[in-house]
Every structure is written in C-alpha cells, then in structure tokens.
1. Filtering region 244-257 down to residues that are part of a helix (DSSP H, G or I) and in contact (Cβ under 8 Å) with a residue 24 or more places away in the chain, which residue is nearest to the ligand (Cβ to nearest atom)?
2. Considering each of Glu363, Glu313 in turn, give the residue that is part of a helix (DSSP H, G or I) and not assigned by the TED database to the domain that holds Gln140.
3. For Thr343, state whether it is within 16 Å of the ligand (Cβ to nearest atom) and not small (Gly, Ala, Ser).
4. Could you list, in sequence order, all residues of region 84-118 that are hydrophobic (A, V, I, L, M, F, W, C) and buried (at least 18 other Cβ atoms within 10 Å of the Cβ)?
5. Does at least one position in region 172-191 carry a residue that is modelled with pLDDT of 90 or more, under 30 Å from Tyr341 (Cβ atoms), out of contact with any Lys or Arg (no Cβ under 6 Å at 6 or more places or on another chain) and of a type in the set (S, T, N, Q)?
6. In region 217-243, what residues are more than 30 Å from Gln339 (Cβ to Cβ) and within 16 Å of the ligand (Cβ to nearest atom)?
7. Within region 61-101, take every residue that is among the charged types (D, E, K, R) and within 23 Å of Gly181 (Cα to Cα) and give me the one that is nearest to the chain's Cα centre (by Cα).
8. Anything in region 258-276 that is free of Cβ contacts under 8 Å to residues at least 24 places away in the same chain and not in a helix (DSSP H, G or I)? List them, or say none.
Amino acid sequence: MPDSNASLYRQLPSIDKLLQLSDVQALVEKSGLHWVTENLRSMQEQARECIQQQGSLPSWHDNWGAKLVQNHDAMQESALKSVFNLTGTVLHTNLGRAVMAQSAMTAVSRVMSSPVTLEYSLDGATRGHRDRPLADLLCQLTGAEDACIVNNNAAAVLLLLATLAQGRQVIVSRGELVEIGGAFRVPDVMSQAGCQLVEVGTTNRTHLRDYEHAINENTALLMKVHTSNYSIEGFTAEVDGAQLAQLGQQYQLPTAIDLGSGSMVDMGKYGLPVEPMPHTYLAQGIDLVSISGDKLLGGPQAGIILGKKKWIEAIQKHPLKRALRADKMTLAALEATLQLYLTPEKLVSELPTLRWLTRDAEEIKTRAERILVPLQAFYGDNFIVEIEQCQSQIGSGSLPVDRLPSYAITFSPLEKHGYSLAQLAEHWRQSPQPVIGRLKEGKLWLDLRCLDDEHSLLQVLLS
Ligand SMILES: *Cc1c(COP(=O)(O)O)cnc(C)c1O
C-alpha cells in the first residue's frame, strides 16, 4: 500500500464520530440507529474502495452527513414516479393507463384504512360475495344478468375459457387472432386454458357458414375477439354479434366476445370514434362479454365478465377464480368509477380519461399559446420552440386507427452541434416529475391533451 494512501485511510472518520454529526443524529431519530450505522459502514466501505482504486477520497468526504441524508431520501423515493404524460397517447399502458377519478381515490383510501364488508353480509350472519355489489351495478349499467370481476381482462378471458371450454374446442375467426402487446395472444391464452383453438375463415373474410361447418360434438364455445389494436380494411366480412348469438342458440352452444376496451357510454355522443359497448352484444344475445377496467372505462386495472347468470355462476365456482379475484382496493375503485356512469352528465368532468379524450383542440391550442412564450425565452438559444398541430391517440388498443386533433409544443435543435433532442428528452426524464414527450420527425413533441396543471409543468421545464 503506497504511503500517500495510508494518510488518506487515516482521514476516514469513525462511526462514533459520524454519529455525533447533527444531521446524522436527526436521521437516527427518524430511521433508527440500526439503519444509520449500517449505511455509515457501507459508506466507509465505498470510501475505502475509492481510495484503493482512484487514490483519492470520495467527492462527498467533506460532508458525510449530507451524503447519508441523500441516500436516505433516495431510499424513501417511490420507483413509481409521477410523470407528465405528454406523449399524445391518453391511455398509455407503460404509464399506467387510466388516471382515476377523485371519488375512486377516496374510495380506495377508505377501504385501505378500515375493515370493510368485503365478504360479509350485514343482513344476517351469512357470508357475502365480494363481487355481488359490483355485479348489481354492472347489471344495471349493461343489462347483463350477472358479472364476475378479476384482475385484468387477460385473466377474464383465461377464466372464461377454462370454465366453458377446458379440454374442448373453441371456434374463432382467423381475422380475430389478436395479440395485445406483451404475452397476450389469443392462441396462447387458449392453450393455457386447456382449450383447442379452431380457426375458421380467412384473415380478411369470415362468414357464418365458416363457424357452422366447424361445429362438431367437441365444440364448447363460439368466440369473437374485438380487433382492438388493428383494423382490417378493404374486401372484408365478419360475423356480427347477433348472427353469432343466433348460431349459438341453434346449436345450443354458448357464445362469448372478448371486447377489450369496452366503453360503457356511447363515445359518439362526445364526438369520439364509436367503440362497441358490452350492452349492445348482450342485447344481441351473446352469452358472455369481457372488458378491461382501465381502458376506456377509466377505472382501475380489472377484468369484467358480463353475461348470463348460468355461465357467470359456473365461472365464479371455477378454482382459478380464487387465484384471479380482485382485491378490495380494486373493487372499491371500480365501484366508485361505475357509480359515475349512473350520472352520465357528470362523466366528462369527473373522469380524467373522458375529460382528456373529449378536450377540444382549440382549448389545447389556447393552453399551448399560454406556455409558449416562457418556453421560447428559456430554450430559444438552443431550440426552435413552436406550436404545431398534431394527432393524439386513444391508446391501449382502443380505437386503433382513429386520431384526435390536438396541439403540441415542438422543439427542434437550432444547430447541429448544440444540444440534441436526445439530451433534452433525457434532461426532462431526470426531473423530479419527469416530462415524457415523443420524438418524431426530428422534433420533440409535447402534446398538451393530457395536461391539467400547466403551472407545475412550467416549473419543471423552466429549471
Ligand atoms: C386490452 C385487451 C386485452 C387485455 O386486457 P388487460 O386488461 O390488459 O389484461 C384482451 N383482449 C382485448 C381484445 C384487449 O383489447
């Protein structure tokens, strides 16, 4: 060991000395002596490594207390950071899909902080069922006879298939063998549920007779899957819900539709592209419809199966239901969200998803104009900062081809060798509340559709 290093090692303070520092003592009060000494020891270890490898004391040597406080704060910080979603995708799966209504938040915090009648009926000593109150609400909203709630729509489809068709055949159109990001692929879910997929028709055209010809004594279910993240255009044909329901009745086979996003209100009424609604299919005679809770519905991550009592009862009894059932926080958030649908007039103001989807392009433009000037003043030396028209997406496999006219603040680099867009995006990602935009056509776009608090955004962007 060189002599110079020996003198550095001697400068390392002892744990006892460090424990006398006032900010270290404050941390002992907060997080206990054990946490503090463990972390001081590991800092000593780091300091020794630094001396050994670089021949110098660590940069924080002159303030061990501050470094420890910094480590402590980092430990307290959540890995689930709040961000500004300015990507232009309203239901962004990687950013947690739907942002919830205030009433859903209140409901969740209430059921977290006190015992609740999750499976307890107050009208006697009988045990209640956790899905019952929500099922009643869902029946009222969709005309279903009964409902079942699980953790997400993928679980709903798995449970539905396992209950109705394990060891037997399920007939699906070749045009509807959907993959929904990640690992949800209709053929794979079928095999996980122990069903045999029978593909009928072609990619672009499937007729009723295709389903009919495939029916045999092993057939358990006729199924449709909503092509929620792509569309087949041109020379196409598909069998609609009413036709499939009728075929099912004729052969005494159940019918099901995996609807995915499944809106509970007519999106057309809000000037939005029309999305199929569960009650339409149920009214056509389809036995079971499954939807997600956190897509257009605007609630928590959940899967909802709606339909005939006879099938829902069988689904509720399947052993997989126990593994897939929703917890009290999900149920509370979903209940509060669905209650908003009882008063459709209030939906747009109460439900963030619908508020953002229906936000008028002119309103977005006005907001862009308000924040443009300070942004130009701050970034103008390095970037051209402008307002440009853009197209928001609904996202999460809802209404795949439709776009909503919107406005963005765009940033393009002034000179080739100055700050790059990648550096700018990186800088914003490192902010206390990261700003997530979209890189496109050599510019960084901040679509303001989902921005509610421009004051906080400016605070982040102007620092
Ligand atoms: C989104 C979607 C799913 C998966 O739903 P999750 O709630 O994300 O599990 C399944 N099927 C369709 C048609 C979908 O659109």
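The values are calculated or read from the model by the stated rules, or taken from the named source; none is laboratory data. All values derive from a computational prediction rather than experimental measurement. FYI the Cβ positions are ideal-geometry reconstructions off the backbone, even for glycines, and counts take in every protein chain you see.
1. Leu244
2. Glu363
3. No; evaluated as a whole, the condition is false for this residue.
4. The answer is Phe84, Leu86, Val90, Leu91, Ala98, Val99, Met100, Ala101, Ala104, Ala107, Val108, Val111.
5. No, that holds for no residue.
6. Result: Leu221, Met223, Thr227, Tyr230, Ser231, Ile232, Glu238.
7. Here the residue is Arg97.
8. Within region 258-276, Asp266, Val274 meet the criteria.
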